[in-house]
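Report on one structure; see the data block that follows.
What follows draws every value from the coordinates through simple rules; no lab data is involved. Just so we're clear, the structure is a prediction, and the values are computed from it rather than from any experiment. Note that each Cβ is placed from the backbone with ideal geometry, even for glycine, and that neighbours are counted across all protein chains shown.
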Amino acid sequence: MDSDLFYPVKVGVSPGQGGKAVCEECPVVAECLEYVLSRPTPELGIWGGTNERDRRILRRERRKTQPG
């Protein structure tokens, strides 16, 4: 597949919905998302059917629900 589906061509430009559509059909989408959310630094592109903004929101929600 064309990597442009998953990674921006220009810095700061979000990839299109094409990568997310591919993820909808992927059998390991949940594992992919968990992997990228467990990384200490943000990853660019589409991972686990999410973009950078989606993952920021998910990380924020996780921090709110974690005990401590």
Mean Cβ-within-10 Å packing, highest first, puts peptides 42-48, 23-29, 53-59 in the order 42-48, 53-59, 23-29
For the stretch 3-65, just say rounded, prolate or oblate: build the C-alpha gyration tensor, square-root its eigenvalues into a ≥ b ≥ c, call rounded for a/c under 1.5, and beyond that prolate if a/b exceeds b/c, oblate if not.
oblate
Relative contact order %, the chain, counting alpha carbon pairs below 8 Å whose residues are six or more apart:
29
Helix 52-65: angle to the longest alpha-carbon principal axis of the chain, degrees 0 to 90, nearest 10?
10
Ordered by fewest other Cβ atoms within 10 Å, a rough proxy for footprinting exposure, 20, 64 read 64, 20
Tilt of helix 29-38 relative to the longest C-alpha principal axis of the chain, in degrees (0 to 90, nearest 10)?
60
